[in-house]
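First the structure, in the form of structure tokens, and then the observations on it.
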Amino acid sequence: MPELFTWEFAANPYPAYAWLRTHAPVHRTTLPSGVEAWLVTRYADARQALADARLSKNPGNHGSSSGRTGIPGERSADLMTHLLNIDPPDHTRLRRLVSKAFTPRRVALFEPRVREITDRLIDGFAAGGEADLIHDFAFPLPIYAICDLLGVPAEDQDDFRDWAGMMIRHGGGPRGGVARAVKKIRAYLSDLIHRKRADLGDDLISDLIRAGDHGEHLTENEAAAMAFILLFAGFETTVNLIGNGLYALLTHPEQRAQLQSSIASGRTDLLTTAVEELLRYDGPVELATWRYATSPITLGGQSIAVGDPVLVVLAAADRDPARFDQPDLLDLARRDNPHLGFGHGIHYCIGAPLARLEAQYALEALLRRLPDLTLAAAPDDLRWRGGLIMRGLRQLPVNFSQESGA
């Protein structure tokens, strides 16, 4: 059996996942934290698990008090009551409130702001001939976008960028950095909620406050937790979607050339399917967030006991040859593509419309404005952030003609 959770595994987990799909599709393993959990790697089993009501999202259903299975700092900061940690009926109530911010109509209204942020970021490095597309582009774009959506004033958004940077830098290492960042974010959100009560605006935090004031039973902790998880889940997933997607294009020149030709001709059909294929091929979320069995379950022929943690490996399911034709091939025009990159079931990613918008315009703008982008490092020299949930590059250095960004 291949070794899991090493640096080599982080750089390319797909051979190990292929082995697991074939030999141990539902596999009990010990995680780096010491917690034992089940890994689900086949597509059919993954879809079943993601929609199974017997697999709870509530960490209180974990069979042991040992081992941390949440975001560092969230418990001490009263941030546990968010969509990733609760089940119906509370999940149904909170999701209904937040879903109003992510309707196709509202996301469409947000498009000019996403375009403005994207072009401003490219303007910042286009004349230099080189950039780190993680630090200079993929990281700040979703931070500023989600801050706008939440209603964080422009003068405070760089603080959020710093705190988010702490969370990404320490996500796979010392947990103290993450906990400190979470504490700062919690304190800021508490203060912002108080300020918003006196001056409501057209933003998500104001909408959450209005909902609570109109009898939706939303506590201040729930409002803060909801804002926190939208920030946390809404920025790192998009950072990795854009970063992993750009890396895939830079290492698949024929596919990239097809996409650039489509963009140059003004067509958007290939751009739309390209984002879906990049989500499938090397998506931002490697494993779905934690689930815990509330009754005995048989999954993939394995008996899962009450309290056992279950981790659905989206990255493995989306390369399952039983569901996808030539799954290890990047095909930007792939049509039959019911990938699980945004999950499945009641916990399907609520911010998927915004993530798609950001990724589509990020790819379109970069390939249009910097058409001769080249990778400025050997693929083997790039480092990937370790961790159980997210998967993304630490840096993505590129070169391009200075005048091409004009």
Any chance segment 253-274 includes a residue that's buried (at least 23 other Cβ atoms within 10 Å of the Cβ) and at pLDDT 95 or above? yes
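Results for (1) within 28 Å of residue 91 (Cβ to Cβ); (2) buried (at least 21 other Cβ atoms within 10 Å of the Cβ); (3) modelled with pLDDT of 95 or more; (4) of a type outside the set (Asp, Glu), shown as yes or no for each residue.
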| position | (1), (2), (3), (4) |
| --- | --- |
| 351 | yes, yes, no, yes |
| 359 | yes, yes, yes, yes |
| 376 | no, no, yes, yes |
| 380 | no, no, no, no |
Cβ pairs under 7 Å, 6+ apart, first in segment 326-341 and under 18 Å from residue 244 (Cα atoms) and without any contact (Cβ under 8 Å) to a residue 60 or more places away in the chain, second of a type in the set (Lys, Arg) and part of a loop (DSSP other than H, G, I, E, B): 327/319
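Against the definition (within 20 Å of residue 356 (Cα to Cα), at pLDDT 95 or above and touching a Pro at 6+ places or on another chain (Cβ under 6 Å)), how does residue 241 come out, yes or no?
On the way: within 20 Å of residue 356 (Cα to Cα): yes; at pLDDT 95 or above: yes; touching a Pro at 6+ places or on another chain (Cβ under 6 Å): yes.
It is true that residue 241 is within 20 Å of residue 356 (Cα to Cα), at pLDDT 95 or above and touching a Pro at 6+ places or on another chain (Cβ under 6 Å).
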Of the residues in segment 284-338, those that are touching a Leu at 6+ places or on another chain (Cβ under 9 Å) and of a type in the set (Ser, Thr, Tyr) number 3
Scope segment 186-227; condition among the β-branched types (Val, Ile, Thr) and at pLDDT 85 or above; matching residues: 193, 205
For segment 101-135, how many residues meet the condition of being out of contact with any helix residue (DSSP H, G or I) (no Cβ under 6 Å at 6 or more places or on another chain), under 30 Å from residue 57 (Cα atoms) and surrounded by 12 or more Cβ atoms within 10 Å (Cβ to Cβ)? 1
Looking at (1) closer than 21 Å to residue 402 by Cα; (2) of a type in the set (Gly, Ala, Ser); (3) out of contact with any Lys or Arg (no Cβ under 9 Å at 6 or more places or on another chain), which is the one condition that is false for residue 126? (3)
Name, by its number, the condition in (1) more than 15 Å from the chain's Cα centre (by Cα); (2) modelled with pLDDT of 80 or more; (3) small (Gly, Ala, Ser); (4) crowded, with 18+ Cβ neighbours inside 10 Å that does not hold for residue 177. (2)
What residue, among those in segment 292-311 that are surrounded by fewer than 16 Cβ atoms within 10 Å (Cβ to Cβ) and small (Gly, Ala, Ser), is farthest from residue 85 (Cα to Cα)? 301
The lone exception for residue 386 - which of (1) within 25 Å of the chain's Cα centre (by Cα); (2) over 30 Å from residue 104 (Cβ atoms); (3) at pLDDT 95 or above it fails: (3)
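The values are calculated or read from the model by the stated rules, or taken from the named source; none is laboratory data. None of the values given here were measured: they were computed from a predicted structure. Neighbour counts are summed over all protein chains in view; Cβ atoms, including those assigned to glycine, are modelled from backbone coordinates with ideal geometry.
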